[in-house]
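Only one structure is covered here, and it is reproduced in the block below.
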There are 2 protein chains.
Amino acid sequence: MDVHVLRLGHRPSRDKRLSTHVVLAARAFGASGATYTGDRDPGLEESIGRVVSEWGGPFTFEFSERWRSVISGWRGRVVHLTMYGLPVQEVIPEIRGEGSDLLVVVGGAKVPGEIFGMVDWNVGVTSQPHSEVSALAVFLHELREGKEPGISFQGARKRVVPQARGKRVEAGV
Amino acid sequence: MDVHVLRLGHRPSRDKRLSTHVVLAARAFGASGATYTGDRDPGLEESIGRVVSEWGGPFTFEFSERWRSVISGWRGRVVHLTMYGLPVQEVIPEIRGEGSDLLVVVGGAKVPGEIFGMVDWNVGVTSQPHSEVSALAVFLHELREGKEPGISFQGARKRVVPQARGKRVEAGV
């Protein structure tokens, strides 16, 4: 199952770091790429490019002017993460079972109401306000049943060797 | 098991929204409170207070000038979330098994190296760069074995009724 993330409504002045974290979470939890809409932000693209070049990929990251066509043109099923949706615990077996490529839509400042009707599932990661970063990570973590250590990153220049104390980083393999 | 989050090194000018998301994730995933260090930020405190008043608690949120004494004065065990630590999948059974009250430390811009030696566990949520927001949420999600729907929030003025489509919010119960 290939997973792609669509981040809506990026505003460079306000969202730079949050969007960076959303996209890095997408990559770390196994998505193969992300698209963002809103205002184009070369600084955001450079930040993500730098991480992919250091820590490996493949991970694509691109801008689109039209979120509607990203959704309608998607080759598989579509999930929208929203605190108003059905609990992830309830719907994740069905989403996993489908096995088709998945587009995961995460909001920015204002999510157009019509999105709720365009997607296959509206999914809530808790029904409480928190963050698109945490919602995305927990959703992807559930999607692959918590098996992030099995994700491989190609072409990394460095990788962490997990330690009980301190930091150990090796040259990529 | 009571869980409290310590957010290090808040800088109001840069971290306002990220710290808000960290603390909201703490609350949504079952921590009973959070403390932050760095520079005091009344705007951050108001944002969190507003959410607790609308969506319920109890959830305490306070500032401390001294992270060392928050850690050394903690009544239970201490976890530090870092991409350099041992995989959450590996250590979470032991942490759950301890059953003692847990302080979860999440970094800001610069994490003092001595923290690695002061805590009971350094835990990595993936060994990849992503976000303190996602690391915290996935850690807490694992800690309670994904059972967020069982968390109760008292005194909420409103609550979401999960829907397949659209938004439904009721007055709190």
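Things to note:
- Verdict on A:R27 being out of contact with any Pro (no Cβ under 7 Å at 6 or more places or on another chain), buried (at least 21 other Cβ atoms within 10 Å of the Cβ), free of Cβ contacts under 8 Å to residues at least 60 places away in the same chain and basic (K, R): yes
- Number of positions in the range B:143-153 that are in a helix (DSSP H, G or I) and within 7 Å of another protein chain (Cβ to nearest Cβ): 2
- Filtered residue count, the range A:91-105, keeping only those that are within 12 Å of another protein chain (Cβ to nearest Cβ) and under 18 Å from A:A25 (Cβ atoms): 1
- Residue within the range A:116-135 that is at the interface with chain B (Cβ under 7 Å from one of its Cβ atoms), among the hydrophobic types (A, V, I, L, M, F, W, C) and in contact with a strand residue (DSSP E or B) (Cβ under 6 Å, 6 or more places away or on another chain) present: yes
- Within the range B:154-167, the residues that satisfy the criterion of being part of a loop (DSSP other than H, G, I, E, B) and at the interface with another protein chain (Cβ under 7 Å from one of its Cβ atoms) are B:P162, B:Q163, B:A164, B:R165, B:G166, B:K167.
- Filtering B:I115, B:I92, B:I71 for residues that are within 16 Å of B:H4 (Cα to Cα) and of a type in the set (A, V, I, L, M, F, W, C) leaves a single hit, B:I71.
- In a residue-by-residue description of the range A:136-145, the property of being out of contact with any His (no Cβ under 6 Å at 6 or more places or on another chain), among the charged types (D, E, K, R) and on the phi > 0 side of the Ramachandran plot applies to at least one position.
- Only residues that are among the small types (G, A, S), within 14 Å of chain A (Cβ to nearest Cβ) and more than 20 Å from B:F29 (Cα to Cα) were counted in the range B:53-90, giving 1.
- Count of the range A:34-53 residues which are loosely packed, with under 15 Cβ neighbours inside 10 Å and under 25 Å from A:V169 (Cα atoms): 4
- Meets criteria (away from chain B (no Cβ under 11 Å) and more than 14 Å from the chain's Cα centre (by Cα)) for A:P112: yes
- Filter result for A:G56 (in contact (Cβ under 8 Å) with a residue 40 or more places away in the chain, more than 18 Å from A:G9 (Cα to Cα), touching a Phe, Trp or Tyr at 6+ places or on another chain (Cβ under 6 Å) and surrounded by 17 or more Cβ atoms within 10 Å (Cβ to Cβ)): yes
- Residues satisfying the stated conditions in the range A:120-164, i.e. aliphatic (A, V, I, L, M) and surrounded by fewer than 22 Cβ atoms within 10 Å (Cβ to Cβ): A:L143, A:I151, A:A156, A:V160, A:V161, A:A164
Just so you know, all these numbers are worked out from the coordinates, no wet-lab data involved. Quantities reported herein were computed from a predicted structural model and do not represent experimental measurements. So basically every Cβ, Gly included, is an ideal-geometry build from the backbone, and we count neighbours across all protein chains shown.
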